[in-house]
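**Q** Mind having a look at this structure? Questions to follow.
The values are calculated or read from the model by the stated rules, or taken from the named source; none is laboratory data. Quick caveat, the model's predicted, so the values are computed rather than measured. All Cβ positions, even for glycine, are placed from backbone atoms using ideal geometry, and neighbour counts span all protein chains on display.
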Amino acid sequence: GENVEQHPSTLSVQEGDSAVIKCTYSDSASNYFPWYKQELGKRPQLIIDIRSNVGEKKDQRIAVTLNKTAKHFSLHITETQPEDSAVYFCAASGTGTASKLTFGTGTRLQVTL
Amino acid sequence: DSGVTQTPKHLITATGQRVTLRCSPRSGDLSVYWYQQSLDQGLQFLIQYYNGEERAKGNILERFSAQQFPDLHSELNLSSLELGDSALYFCASSVVSGGLTDTQYFGPGTRLTVL
């Protein structure tokens, strides 16, 4: 089955700096890669996603890049703010019966003043 | 608010007991997914239902079962509970239109504590 690895496990940046989180996946059939933000005790919230027919997607301060050949994808957050502090999860899935999400182990991002 | 609802929010029970977790998907979504989040295992897929039928199974224990009803709400039944079953249980829903993989929206979760 699919295996998703995520690095780093913790990341501390100063407010205004950029943060980058990287994930690799194992199943070449995976074609959908969402990123979720989770605050303590709350539900995972989708912040951005990318499909395998696209190499990059941007939404304001957040961007995701995908390299299908290398089977890795990354989350980039620019101009970080204290409210960006949370745990971020990457995930991968396929289509139809394989649409379940396989999650990475999470990255705890702390944005310091 | 994602539009996915889950009840109860918290559940405290004893080992050996049985509990039922309930999930109502977003309006129009036909697929429901159950995930378990524990401190040492992260977010793990348990099971998926689509329009009343089981679609995919993950690392779901035999003591656990689920179903999706005609009104599309779903229930996750956990029996013979053990201390290690303590976790956050999330339900997610998506349209699953059969082509592109649809976005999954998560409910607020049920925190299960087994004493």
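**Q** Within the range A:83-93, which residues are facing chain B (nearest Cβ under 7 Å) and over 12 Å from the mean Cα position of the chain (by Cα)?
**A** A:S93
**Q** State all residues of the range A:75-113 that are in contact (Cβ under 8 Å) with a residue 60 or more places away in the chain and over 30 Å from B:A56 (Cβ atoms); if no residue qualifies, say none.
**A** Once the filter is applied, which keeps residues that are in contact (Cβ under 8 Å) with a residue 60 or more places away in the chain and over 30 Å from B:A56 (Cβ atoms), the range A:75-113 yields A:T78, A:E79, A:T80, A:Q81, A:P82, A:D84, A:L109, A:Q110, A:V111, A:T112, A:L113.
**Q** On to the next question. Counting just the residues of the range B:7-35 that are within 11 Å of another protein chain (Cβ to nearest Cβ) and buried (at least 21 other Cβ atoms within 10 Å of the Cβ), which one comes out modelled with the lowest pLDDT?
**A** Out of the qualifying residues, it is B:S31.
**Q** Let me ask you something else. If the Cβ limit is 8 Å and pairs must be 6+ apart or interchain, which residue in the range B:31-47 that is over 18 Å from B:V4 (Cβ atoms) pairs with which residue that is of a type in the set (V, I, T) and not in a strand (DSSP E or B)?
**A** Every condition considered, the pairs that remain are B:G42/A:T105.
**Q** For the range B:50-67, how many residues meet the condition of being over 25 Å from A:G41 (Cα atoms) and at pLDDT below 95?
**A** Going through the range B:50-67 one residue at a time, the tally reaches 8.
**Q** Checking A:F103 against (1) of a type outside the set (D, E, K, R); (2) within 29 Å of B:T7 (Cβ to Cβ); (3) surrounded by 14 or more Cβ atoms within 10 Å (Cβ to Cβ); (4) more than 15 Å from the chain's Cα centre (by Cα), only one condition comes out false. Which one?
**A** Unmet condition: (4).
**Q** Just checking, how many residues over the range A:94-113 are assigned to a loop (DSSP other than H, G, I, E, B), more than 13 Å from B:Q104 (Cα to Cα) and within 11 Å of chain B (Cβ to nearest Cβ)?
**A** 3
**Q** Looking at (1) within 14 Å of chain B (Cβ to nearest Cβ); (2) modelled with pLDDT of 95 or more; (3) surrounded by fewer than 21 Cβ atoms within 10 Å (Cβ to Cβ), which one does A:I62 not meet, given that it meets all the others?
**A** Of (1) within 14 Å of chain B (Cβ to nearest Cβ); (2) modelled with pLDDT of 95 or more; (3) surrounded by fewer than 21 Cβ atoms within 10 Å (Cβ to Cβ), only one is false for A:I62: (1).
**Q** Taking the condition of being buried (at least 17 other Cβ atoms within 10 Å of the Cβ) and closer than 27 Å to A:E83 by Cα, how many residues in the range A:23-45 meet it?
**A** 11
**Q** Hey, another quick one. Filter the range B:64-78 down to the residues that are under 14 Å from the mean Cα position of the chain (by Cα) and assigned to a loop (DSSP other than H, G, I, E, B), then identify the one that is farthest from the other protein chains (Cβ to nearest Cβ).
**A** Across the range B:64-78, the extreme among qualifying residues is B:F69.
**Q** Can you tell me which residue in the range B:62-80 is farthest from B:V4 (Cα to Cα), limited to those that are surrounded by fewer than 21 Cβ atoms within 10 Å (Cβ to Cβ) and in contact (Cβ under 8 Å) with a residue 24 or more places away in the chain?
**A** Ranking the candidates gives B:S80 first.
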